[in-house]
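In what follows, a structure is listed as structure tokens, so that the remarks can point back to it.
All of the numbers you see were taken from the coordinates with simple rules; none came from a lab. The model shown is predicted, which means the values in this text are computed figures rather than measured ones. Positions of Cβ are generated from backbone atoms using ideal geometry, with glycine treated the same way; all protein chains shown enter the neighbour counts.
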Amino acid sequence: MEQTIREIAHRINEIDSKRKVLASSLGACSDSGIVNLKEKIKEIKLDSNLVVVGVDGGFLKKEYHGAGLILRRAVAVAFKFSKELKLLETNYFPNRRPLPEPVVTGPELSEQEFNLLAGLKREECELQTALAAIEKFSPDVLVRDGSIILYPGNAVGTESKVYGEYQKVIGLFQQLYKTCKEKNILLVGAVEDSRGKRYCGILKKEVLPEIAGYENISKDIKTKIENAKDVLDITTDTLFLYYLLGVGERTAALDYSTTSDLPIITDLADFRKNIYVSYIKAAEFDRPLRLDFFAEPERLQETADKIVSVIFALSNQNRLYSYPSVLIEADARAKLSEDEIDYFKAAISEKLGRNPALFELRRELRPF
């Protein structure tokens, strides 16, 4: 066992060393102006008070023999800051601790479709709350927990029994984009634990060949890049960018529509051209944070600068953990405990008696 542990540790360290070498070499190329991989995050300059709204949801689901139970709620938290970025007041919608909303399904859905429906119902609740919070608080910035597009795992085909719900959620995303565009609200999603590889893929496919063509790059740098480039196939964006970015730096924005061919992107119609992603490093000992945001292509640089400046200011309070404080508060208000779904099930059972529809699945009752 001790030998196995040493071998595993050696392999992890070997891969990490390659990341460091490649990041250092590409960082040198970026610093010298050969490629544009990173830039300093600009300091926020405010002419008036700033209102930032964060939206997060709580969600639980459980299947029974003849029914499925979903509990959901979403909370919007509005932070109002002074021009000096001091927190002046905090408000909530619909309130500080709303009761969860139950959604009950029958036995007509397969396990897979029930899971898809549960994910879509969660998105629906959060998007509806975001739209209502815009009307109530008139924010300058709206921050979602997670992406501002639907996760690929929640996509469904036209033959699915939950396709109608999927269309409804896509419509809510489009309504959110349109509303933020019309009201000049910066829309951004902070992805807490991104495992995406899009950035590394672009580096390997586009950036490395471009660097290889430059004659004024030292042979030593080119050799290091050549020897370490294969690490991009086995790493995530945040693992690699941990070494490429310094605190207070961000990556250039990437266009979702040209870096992804997912059906969900296509279903967003013309809005797919307005979805971008950038990574920021807000804490010395934490991974970079992925930000998905909405921007007009002709104002991309200006919009990206504003968004990353605000999110950086909200996320750099701890050297070990970087996440927007407004979303930390929203999560604290929205999260649900397992006890709450048991309470709702017990309340329904009290009305129905011993109904087989609410029998636990056998795999949940195994005595061994």
Exposure-ranked with fewest Cβ neighbours within 10 Å first, 2, 165 stand as 2, 165
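In whole Å, what three semi-axes, largest first, describe the equivalent ellipsoid of the stretch 174-328 built from its Cα gyration tensor (square root of 5 times each eigenvalue)?
28, 21, 14
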Taking Cα atoms, the helix 163-182 axis meets the longest principal axis of the chain at an angle in degrees (rounded to 10) of 50 degrees
Segment residue 46-residue 32, extension gain: residue separation times 0.36 nm, minus the distance between their alpha carbons: 1.9 nm
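Calculate the translational D of the stretch 205-286 in whole µm² s⁻¹ from Stokes-Einstein, where the hydrodynamic radius comes from the Kirkwood formula applied to all Cα pairs, the temperature is 4 °C and the viscosity 1.567 mPa s.
Approximately 84 µm²/s, per Stokes-Einstein.
Taking 1 over the mean of 1/r across every pair of different Cα atoms in the stretch 52-198, what Kirkwood radius in Å do you get? Working shown, then result.
Numbers: mean 1/r = 0.0606 Å⁻¹.
Mean inverse Cα-Cα distance, inverted, gives 16.5 Å.
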From the convex hull of the Cα coordinates of the stretch 1-115, what is the mean projected area in square nanometres? 15.9 nm²
Give me the Kirkwood hydrodynamic radius of the stretch 1-63 in Å, from all C-alpha pairs, to one decimal place? 17.6 Å
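Given the alpha-carbon gyration tensor of the stretch 204-243, what are the semi-axes of its equivalent ellipsoid in whole angstrom, ordered largest first, with each equal to the square root of 5 times an eigenvalue?
Numbers: eigenvalues 82, 23, 16 Å².
Calculated on Cα positions only, the semi-axes equal 20, 11, 9 Å.
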Compute the long axis of helix 300-315 from its Cα atoms, compare it with the longest principal axis of the Cα atoms of the chain, and write down the angle in degrees, 0 to 90, nearest 10. 70 degrees
Average projected area [Cα convex hull, the chain], square nanometres: 23.2 nm²
For the chain, what does the relative contact order come out to in percent, with C-alpha contacts under 8 Å and a separation of six or more? 23 percent
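For the stretch 62-101, state the semi-axes of the equivalent ellipsoid (square roots of 5 times the eigenvalues of the alpha-carbon gyration tensor), sorted largest first and rounded to whole angstrom.
So the equivalent ellipsoid measures 37, 9, 5 Å along its semi-axes.
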Helix 111-137: inclination vs the chain longest Cα principal axis, degrees, rounded to 10, gives 80 degrees
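Just rank 114, 293, fewest to most, by other beta-carbon atoms within 10 angstrom. All intermediate terms of the calculation are to be shown ahead of the outcome.
Numbers: 114 22, 293 26.
By the 10 Å Cβ count, ascending, the order reads 114, 293.
Rounded, prolate or oblate, given the Cα gyration tensor of the stretch 59-125, with a/c below 1.5 counting as rounded?
Values: a/c = 5.51, a/b = 3.24, b/c = 1.70.
Prolate shape, in that a/c is at least 1.5 and a/b is the bigger ratio.
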Mean-position separation - Cα centroids, the stretch 142-209 and the stretch 47-117, in angstrom: 17 Å
